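Student: A single structure is presented below for examination.
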Amino acid sequence: MKDTTAAAWRAGPPSGPSRPEFWRSPLRGPWLTAVLGTVLLFGVTILFVTGLLSYAAYDPDLAAVNDQTPDKGWLGFYLFSWPTSPHWLYRVTQGVHVTLGIVLVPVLLAKLWSVIPKLFAWPPVRSAAQAAERLSLLLLVGGAGFEFVTGILNVQLHYVFPGSFYTLHLYGAWVFIGAFAVHVTLRLPRAVRALRSGPRQPAPGSEEAAGLVSPRPAPPTISRRGALGMVGLGSLALFAVTAGQSIGGWFRQTALLAPHGQDPGSGPNGFQINKTAASVGIRPSDIGPGWRLTVRGAGRQTDLTYERLLAMPQNDALLPIACVEGWSTPDQHWRGVRLTDLAALVGLGTDTPQVLVESLQRGGSFSSVVLSAHQARDARSLLAVRVNGAVLSQDHGYPARIIVPGAPGVHNTKWVTRLTFGEPA
Ligand SMILES: Nc1nc2c(c(=O)[nH]1)N[C@H]1C(S)=C(S)[C@@H](COP(=O)(O)O)O[C@H]1N2
Ligand SMILES: [Mo]
């Protein structure tokens with residue numbers, strides 16, 4: 001048994017992809033891989049940072065209703081209270097996260113293509129160290145695939161993983177980050193050398209070829225630079241049909257890949273809608289004359305009719321809606337009652353505490369949220385009743401909705417019916 005294994009070993013790789021001659025593209029080589037790897041090094045780092053920021057923006061440590069990942073343990077070590085300035089903060093961080101994630105897809109695919117012969121390297125395991133490295137590559141490629149696929153499904157198919165997307169995408173991200181850090185540490189010196197030596201191919205089988213250069217290359221149909229140009233064009237094309245949804249307004253028309261369509265209608269309420277009133281089961285009777293706003297806190301409670309809400313001091317704020325899916329709107333002109341003024345109704349004036357916001361919507365992870373004291377105290381944080389000069393449309397949250405500067409769209413609860421100031425009793 002042992003003898004035959006040893007003999008098979010000495011005979012070299014079986015015919016097929018384990019043999020270097022099997023791979024014939026004249027393009028593969030350390031320079032091409034290093035260029036693509038360098039782009040990913042920067043791009044994926046930005047994806048990690050903006051992704052972790054997006055997670056922090058949900059303020060999961062503030063309250064259980066904000067936290068989709070109660071089992072995160074120390075993975076939330078870096079969490080901080082999300083600021084309200086600049087008011088476009090989440091619009092930028094999440095727009096970059098989603099747009100960059102989509103734009104990097106051709107680069108990621110090209111990078112994987114460029115190193116595919118190594119998947120079949122012979123012998124599959126040479127030493128314990130090399131086995132560990134191959135295992136880390138499994139986590140790297142698996143982690144990358146998982147993060148890109150779950151992210152793109154989420155932005156394109158509109159939450160195919162109800163609730164659990166955050167859990168999957170967050171835990172997947174940490175696996176990916178770990179494997180990515182190991183990979184960069186191991187490969188950076190080689191990549192730097194390859195970039196310095198330029199696009200000329202080293203001899204196949206040499207140390208510098210790193211198992212990537214074909215010993216039997218087919219005649220080239222495109223240069224290595226040309227291939228990179230194609231990848232770049234692919235990314236550029238994706239950028240051109242994606243970025244418009246993050247810029248919003250007129251540019252939305254260019255967002256051919258935007259899952260919500262290009263045209264959100266016209267008029268004061270003519271900007272992107274996340275979920276319509278009908279789609280979450282808001283009934284006309286819920287938001288008719290019988291609607292009340294309950295304000296609770298400090299052991300007190302008061303119920304307001306729509307008319308009484310309108311009779312309170314009305315304030316203005318220019319703020320965008322910025323969704324986790326990457327789309328956002330330019331600043332809209334909101335008008336409504338300050339959260340601090342509503343807190344004052346139950347005797348909680350200027351040091352307004354955190355507030356639990358509850359929607360008429362029954363169930364669903366967006367029907368309630370806790371806003372931090374910092375958010376509640378911001379003079380631009382409103383329970384809005386009007387937008388761009390008109391009464392809120394039903395789909396934008398009539399009779400009243402939250403709007404908070406800098407926060408993710410999901411914190412701007414629509415169809416609000418109850419505000420509870422202070423820690424839960
Ligand atoms: N009650 C309720 N509020 C909600 C939502 C929801 O589904 N239900 N969606 C949230 C999300 S994810 C976003 S991005 C914004 C979108 O607001 P808009 O539809 O007015 O643009 O509303 C937020 N408020
Ligand atoms: Mo959203």
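Student: Can you name the number of the only condition in (1) more than 8 Å from ligand 1 (Cβ to nearest atom); (2) small (Gly, Ala, Ser); (3) over 17 Å from Leu310 (Cα atoms) that Ser367 fails?
Tutor: (1)
Student: How about region 266-308: which of its residues are closer than 14 Å to Lys414 by Cα, among the charged types (D, E, K, R) and out of contact with any strand residue (DSSP E or B) (no Cβ under 9 Å at 6 or more places or on another chain)?
Tutor: Lys275, Arg283
Student: If you scan region 354-381, which residues turn out to be closer than 19 Å to Pro320 by Cβ, among the hydrophobic types (A, V, I, L, M, F, W, C), at pLDDT 95 or above and part of a loop (DSSP other than H, G, I, E, B)?
Tutor: Once the filter is applied, which keeps residues that are closer than 19 Å to Pro320 by Cβ, among the hydrophobic types (A, V, I, L, M, F, W, C), at pLDDT 95 or above and part of a loop (DSSP other than H, G, I, E, B), region 354-381 yields only Ala379.
Student: Applying the selection to region 326-336, what residues are near ligand 1 (Cβ under 10 Å from one of its atoms) and surrounded by fewer than 24 Cβ atoms within 10 Å (Cβ to Cβ)?
Tutor: If the condition is that a residue be near ligand 1 (Cβ under 10 Å from one of its atoms) and surrounded by fewer than 24 Cβ atoms within 10 Å (Cβ to Cβ), then Thr329, Gln332 are the ones that fit.
Student: While we're looking at this one, here's another question. Residues being part of a strand (DSSP E or B), more than 10 Å from ligand 1 (Cβ to nearest atom) and crowded, with 24+ Cβ neighbours inside 10 Å: count how many of those fall in region 389-419. Full working, then the answer.
Tutor: Looking only at region 389-419, we keep the residues that are part of a strand (DSSP E or B), and these are 390-391, 401-403, 416-419.
Next cut, more than 10 Å from ligand 1 (Cβ to nearest atom) only: 390-391, 418-419.
Next, from what is left, pick out any that are crowded, with 24+ Cβ neighbours inside 10 Å: 419.
Of the residues in that region, 1 qualify.
Student: Of all residues in region 262-298 being in a loop (DSSP other than H, G, I, E, B) and hydrophobic (A, V, I, L, M, F, W, C), which is farthest from ligand 1 (Cβ to nearest atom)? First the steps, then the outcome.
Tutor: Start the filter on region 262-298 by keeping residues that are in a loop (DSSP other than H, G, I, E, B), which leaves 262-277, 281-292, 298.
Still in the running and hydrophobic (A, V, I, L, M, F, W, C): 271, 273, 277, 282, 287, 291, 298.
Numbers: Phe271: 6, Ile273: 4, Ala277: 9, Ile282: 8, Ile287: 12, Trp291: 14, Ala298: 25 Å.
Top of the filtered list is Ala298.
Student: When the residues of region 367-424 are filtered to those that are away from ligand 2 (no atom under 16 Å from the Cβ) and of a type in the set (Lys, Arg), which remaining residue is nearest to Thr352 (Cα to Cα)?
Tutor: Filtering first and then ranking leaves Arg377.
Student: Still on this structure, I have one more. Take the residues of region 6-46 that are free of Cβ contacts under 8 Å to residues at least 60 places away in the same chain and under 21 Å from Gly143 (Cβ atoms): which is farthest from the chain's Cα centre (by Cα)?
Tutor: Checked region 6-46; the qualifying residue farthest from the chain's Cα centre (by Cα) is Phe42.
Student: Another question, if that's okay. Would you say Ala203 is at pLDDT 95 or above, among the aliphatic types (A, V, I, L, M), closer than 24 Å to Asp71 by Cβ and out of contact with any helix residue (DSSP H, G or I) (no Cβ under 8 Å at 6 or more places or on another chain)?
Tutor: Taking the combined requirement at face value, the residue does not satisfy it.
Student: With the requirement that a residue be outside any strand (DSSP E or B), within 19 Å of Ser372 (Cβ to Cβ) and away from ligand 2 (no atom under 16 Å from the Cβ), what does region 301-352 give you?
Tutor: Hits for region 301-352 are Leu339, Thr340, Asp341, Leu342, Ala343, Ala344, Val346, Leu348, Gly349, Thr350, Asp351, Thr352.
Student: To continue, here is another question. Name the single residue, out of those in region 298-325 being under 31 Å from the mean Cα position of the chain (by Cα) and more than 30 Å from Ile102 (Cβ to Cβ), that is surrounded by the fewest Cβ atoms within 10 Å (Cβ to Cβ). Working first, answer last.
Tutor: First pass over region 298-325, keeping only residues under 31 Å from the mean Cα position of the chain (by Cα): 316-325.
Still in the list and also more than 30 Å from Ile102 (Cβ to Cβ): 316-317.
Details: Asp316: 13, Ala317: 21.
The extreme case among them is Asp316.
Student: Any residue in region 85-94 that is part of a helix (DSSP H, G or I), surrounded by 14 or more Cβ atoms within 10 Å (Cβ to Cβ) and among the charged types (D, E, K, R)?
Tutor: Checking region 85-94: at least one residue is part of a helix (DSSP H, G or I), surrounded by 14 or more Cβ atoms within 10 Å (Cβ to Cβ) and among the charged types (D, E, K, R).
Student: Among residues belonging to region 255-289 that are modelled with pLDDT of 90 or more, among the polar types (S, T, N, Q) and away from ligand 2 (no atom under 16 Å from the Cβ), point out the one that is nearest to Trp327 (Cα to Cα).
Tutor: Among those that are modelled with pLDDT of 90 or more, among the polar types (S, T, N, Q) and away from ligand 2 (no atom under 16 Å from the Cβ), it is Asn269.
Student: Would it be correct to say that Ser381 is within 15 Å of ligand 1 (Cβ to nearest atom) and touching a residue at least 60 places away in the same chain (Cβ under 8 Å)?
Tutor: When the stated conditions are applied, Ser381 passes them.
The values are calculated or read from the model by the stated rules, or taken from the named source; none is laboratory data. Keep in mind that what you see is a predicted model, and the values were worked out from it rather than measured. All Cβ positions, even for glycine, are placed from backbone atoms using ideal geometry, and neighbour counts span all protein chains on display.
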